[in-house]
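Here's the structure we're looking at; comments come further down.
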Amino acid sequence: GNYKILPEVWSPVSEVNIKLSDENYKLNAFRYAYYGMKDASAEYSTESSIISITPDGVITPKKEGTAIVHVTFK
């Protein structure tokens, strides 16, 4: 048969273009759980000096470049 691996991430964004003038750009990732499990909220982090990001996903760009954002589900 076919089986799904949990968790499943819905509406994942693999790449976002943000301008330096953009403020409070918010990322959203959702985990959808099956079989009576509760949904989990996402927590965001980065090791980049290009942006700052709050744990709830609000990005503030600091300079031009490319940054990697890590998403962890609580």
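Could you run through segment 45-65 and say how many residues are among the polar types (S, T, N, Q) and part of a loop (DSSP other than H, G, I, E, B)? Within segment 45-65, residues that are among the polar types (S, T, N, Q) and part of a loop (DSSP other than H, G, I, E, B) number 3.
Kindly evaluate I53 against the criterion of being of a type outside the set (S, T, N, Q) and modelled with pLDDT of 90 or more. Spelling it out, I53 is indeed of a type outside the set (S, T, N, Q) and modelled with pLDDT of 90 or more.
The values are calculated or read from the model by the stated rules, or taken from the named source; none is laboratory data. Treat the numbers as computed from the prediction; the structure is a model and nothing was measured.
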